[in-house]
Amino acid sequence: DAGITQSPRHKVTETGTPVTLRCHQTENHRYMYWYRQDPGHGLRLIHYSYGVKDTDKGEVSDGYSVSRSKTEDFLLTLESATSSQTSVYFCAISRPSESFGYTFGSGTRLTVV
Amino acid sequence: GQQVMQIPQYQHVQEGEDFTTYCNSSTTLSNIQWYKQRPGGHPVFLIQLVKSGEVKKQKRLTFQFGEAKKNSSLHITATQTTDVGTYFCAGPGQAGTALIFGKGTTLSVSS
């Protein structure tokens, strides 16, 4: 969707290295979310943000940190990547104009080797 | 913790057959949302249901929210190959903020 972009789209990294994924929105929405998607597990919430510098943990937050220094950017950092963090990561925004339905980015496919 | 469960996990149908996926929550929901994810794509918002017993239609798709607001269903009439994908239901978490998603039902359609 126009309005939310994720970068990079694909990344391969080595175990133990830090990795930062970026989510950028152009619509000034307050709420932003990070999910991971794995076969058999659906979408699981990692962290979310309800404003600049306001973040909270989701159900699978261990090993991840987030930052939101500007409304438009929500960064997800894997502090020391492990193979279990190989996944597809989706960022989402919540749009009040669409019944607060989420709009997802195109995803980042991360492989930790 | 709060759980949202979906059945079946997979469903294969012949084109023209109907399809239904069911969603059950461990807690009462203020609303429920449905999403569709095409293979290789990202989830796309379909609809939100808010009222007890609510029924909404989008062309061949019918969405229902249970009277107790703990279950929901999505029914597709006369499936087409364009309906292929994974359908997710989602409800607000206990803090009422981020959505908790079911694991999804993957629909395949053969012509």
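The values are calculated or read from the model by the stated rules, or taken from the named source; none is laboratory data. Values in this document were obtained by computation on a predicted structure and should not be read as measured data. Reconstructed Cβ throughout: ideal geometry from the backbone, glycine too, with neighbour counts over all protein chains shown.
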>> Report every pair of residues separated by at least 6 positions or lying on different chains whose Cβ atoms are under 6 Å apart, first residue within the stretch B:68-80 and in contact (Cβ under 8 Å) with a residue 60 or more places away in the chain, second assigned to a strand (DSSP E or B) and of a type outside the set (A, V, I, L, M).
In response: B:THR79/B:PHE19
> Has the stretch A:34-41 got at least one residue that is in a strand (DSSP E or B), more than 9 Å from chain B (Cβ to nearest Cβ) and over 24 Å from B:GLY41 (Cα atoms)?
Replying inline: no
> Could you list, in sequence order, the residues of the stretch A:68-100 that are over 20 Å from A:GLY42 (Cβ atoms), facing chain B (nearest Cβ under 10 Å) and either among the aliphatic types (A, V, I, L, M) or in contact (Cβ under 8 Å) with a residue 12 or more places away in the chain (or both)?
Replying inline: A:ARG95
> Restricting attention to the stretch B:17-47, which residues are away from chain A (no Cβ under 14 Å) and of a type in the set (A, V, I, L, M, F, W, C)?
Replying inline: B:PHE19
> Of the residues that make up the stretch B:48-71, is at least one at the interface with another protein chain (Cβ under 8 Å from one of its Cβ atoms) and either at pLDDT below 95 or outside any loop (DSSP other than H, G, I, E, B) (or both)?
Replying inline: yes
> Hey, B:TYR10 hits all of (1) over 19 Å from A:LEU43 (Cα atoms); (2) modelled with pLDDT of 95 or more; (3) hydroxyl-bearing (Ser, Thr, Tyr) but one; which does it fall short on?
Replying inline: (1)
> Given (1) farther than 21 Å from A:GLN37 by Cβ; (2) in a strand (DSSP E or B), where does B:GLN6 come up short, assuming only one miss?
Replying inline: (1)
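Answer yes or no as to whether A:TYR48 is in contact (Cβ under 8 Å) with a residue 60 or more places away in the chain, within 11 Å of chain B (Cβ to nearest Cβ), of a type in the set (Phe, Trp, Tyr) and surrounded by 17 or more Cβ atoms within 10 Å (Cβ to Cβ). Can you show your working first?
On the way: in contact (Cβ under 8 Å) with a residue 60 or more places away in the chain: no; within 11 Å of chain B (Cβ to nearest Cβ): yes; of a type in the set (Phe, Trp, Tyr): yes; surrounded by 17 or more Cβ atoms within 10 Å (Cβ to Cβ): yes.
It is false that A:TYR48 is in contact (Cβ under 8 Å) with a residue 60 or more places away in the chain, within 11 Å of chain B (Cβ to nearest Cβ), of a type in the set (Phe, Trp, Tyr) and surrounded by 17 or more Cβ atoms within 10 Å (Cβ to Cβ).
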> Can you find a residue in the stretch B:88-101 that is among the hydroxyl-bearing types (Ser, Thr, Tyr) and either more than 13 Å from chain A (Cβ to nearest Cβ) or touching a residue at least 40 places away in the same chain (Cβ under 8 Å) (or both)?
Replying inline: no
